[in-house]
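Just below is one structure, and these are the notes that go with it.
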Amino acid sequence: MDTAALFKLGYGLYVIGTELDGKTAGCTANTVVQITGSPAQIAVGLNKDNYTNELIQKSGKLTVSVLSKTANMDLIANFGFQSSRTADKFHTSGQDFVTDGAGVPYLAKHTSAVLSAKVVNKMDCGTHTLFRCELTDAQVLSQEEPMSYAYYHSDVKPKKAAAASTGEQWKCSVCGYVHQGPLPDDFVCPVCKQPASVFVKQ
């Protein structure tokens, strides 16, 4: 079986938000699909390791910020390469955010649309949880084109640097970015902004 065939499926890039007792959480995701139109339902797939998943299981509510092509790597890395257990991502993003009627945050800019939803069911999918949700609200926020997962990989995500003459490679233990060549002491990962100390020589 050639699992590369799965990469031919269409995906978007989203920021999933939730809130419980004043604590917010958010993470990037690429698995959000509409299931039915009446009632309007979506499915959201999240890794079980994400604190956002844990909080949604308790709160039963979430938002989906549909990222547009104007979203940059700093914004994506903020929600994708650190944990809401230790970071208030909506405040550290440097981006404007607002809350929906249920008090759940979502991004106000670099977002084509926002969906607010309540969880009505969930399915254990091994490493991930699939949440079946009913929409409670939906808004078009801009006419900016939504970012596809393919566009993120081809135009937004930093490319690996060309191999240096030394052949030395250092891998970020947080996000997996590979730096080619000697690693300066003051180096900062271009993807997740972590210091040189988190890099491991390959």
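The values are calculated or read from the model by the stated rules, or taken from the named source; none is laboratory data. Please read all numbers here as calculations on a predicted model, not as lab measurements. Cβ coordinates were reconstructed from backbone atoms using ideal geometry, including for glycine residues, and neighbour counts include every protein chain displayed. Quick note on the areas: whole protein, heavy atoms, side chains included, nothing else; ligands and nucleic acids left out. Shrake-Rupley method; radii C 1.70, N 1.55, O 1.52, S 1.80 Å.
Some observations on this one:
- With R₀ set to 35 Å, the beta-carbon distance separating Thr99 from Ser154 gives a calculated FRET efficiency near 0.60.
- Largest-first ordering by accessible area, 1.4 Å probe, given options Lys109, Lys89, Lys171: Lys109, Lys171, Lys89
- Tyr51 accessible area, 1.4 Å probe, all protein chains in place, Å² to nearest 10: 40
- Maximal additional length on extending the Gln139-Val174 stretch stands at 9.2 nm, based on 0.36 nm per residue less the C-alpha distance.
- Ligands, DNA and RNA are left out, and with a 1.4 angstrom probe the accessible area of the chain is 53 Å² per residue.
- Leu62, Leu141, Leu115, ranked by accessible area, largest first (probe 1.4 Å): Leu141, Leu115, Leu62
- Accessible surface of the stretch 1-129 [probe 1.4 Å, protein heavy atoms]: carbon and sulfur percent: 53
- Estimated distance in nm for a label pair at Phe7 and Asp186, the labels positioned 7 Å out from Cα along Cα-to-Cβ: 3.7
- Gain on full extension, evaluated as 0.36 nm per residue between Asp88 and Met73 minus their Cα-Cα distance, stands at 3.6 nm.
- Anchor Lys61: lysines whose Cα lies under 22 Å away (excluding residues fewer than 8 positions away in-chain): Lys23, Lys48, Lys89, Lys109, Lys118, Lys122
- Accessible area of Cys192 in the full protein assembly, 1.4 Å probe (Å², nearest 10): 10
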